[in-house]
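Q: The structure that follows is given in the form of structure tokens.
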Amino acid sequence: GVVLSDIPLLAVTLLILLAARRRWGEETSWFWARLGALAGYACLVRTSGAALLAALVLCLLLEKRWRAALAAGFSGGAVFGAYLLRNQLVVGRSEARLVKILAGWKELRLWDNASFYLHEIFGRALFRWPAGPGESALNGLTLMLCLTALAAGLRAWGLKGWRKLVPAYLLVYAGVHLLWPQQGGRYMVSILPLVCVLLFLGLDWADRRWKL
């Protein structure tokens, strides 16, 4: 059998989010270097795990915490860089998946990928209508309602402190897979729990506002 990277990446993601939640106010560079190294390890689990490292550094930069951002970025980059160097020395290539991402800029399959992944999340993983007349209309309505609830959930979640790490990660991760030429529903497994949290927050907000 083959061990896929989806669940390990989800586990690393949750570890980083829990650590950030607990010690977001930490000013010691050593802590952020260790958290950055863990985010760098996510790049080894799957190349798109680099979205974790990018989101972490981005959030720290937005708060103008330069030393923390530098510590996280340097340690995470060192972990991933060492992996790329090892691949280059041993097998003569660094990372073929990076080439795929760059190829995505040329192909510009943004709409195809967006349609595919939105359907995978909301039309298959979370909500699936029986095949039959009106299925397309029901899928379209479901998608519209889910995106509205997701937007409301993001607003309810907020961007204070460590919380901004979740939407930042989802945004960067989505950007990577919008450019990635290869499509696969399993790529959404590692972010599906986060999407569900935001979705249900939005539905709860709607329920309290309109007494559904």
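The values are calculated or read from the model by the stated rules, or taken from the named source; none is laboratory data. It should be emphasised that the depicted structure is a prediction, and the values quoted were computed from it without experimental measurement. Every residue, glycine among them, receives a Cβ derived from its backbone with ideal geometry; neighbour counts consider all protein chains shown. Please note that ligands, DNA and RNA were not included when accessible areas were found on the heavy atoms of the full protein model with its side chains. Shrake-Rupley method; radii C 1.70, N 1.55, O 1.52, S 1.80 Å.
Q: Mind listing the phi-derived Karplus ³J(HN,Hα) values for the range 121-137, rounded to whole Hz, using 6.51, -1.76 and 1.60 with θ = phi - 60°, and x for any glycine or proline?
A: With coefficients 6.51, -1.76 and 1.60, one gets 6, 9, x, 10, 5, 9, 9, 9, 8, x, 5, x, x, x, 4, 4, 5 Hz.
Q: I've got another one for you. Calculate what fraction, in whole %, of the accessible area of the range 145-212 sits on carbon and sulfur atoms when a 1.4 Å probe is rolled over the protein chains.
A: 68 percent
Q: Starting from the 7 Å offset along Cα-to-Cβ, what nm value, one decimal, do you get for the label separation of Tyr83 and Ala114?
A: Going from the Tyr83 label point to the Ala114 one covers 2.9 nm.
Q: Can you tell me the dipole magnitude for the range 108-212 around its Cα centre, using point charges on the Cβ only (Lys, Arg +1; Asp, Glu -1), in Debye to the nearest 20?
A: Roughly 400 debye, rounded to the nearest 20.
Q: Label-point separation (nm) for Leu145 and Gln182, each offset 7 Å from Cα along Cα-to-Cβ?
A: Here the answer is 3.6 nm between the modelled labels.
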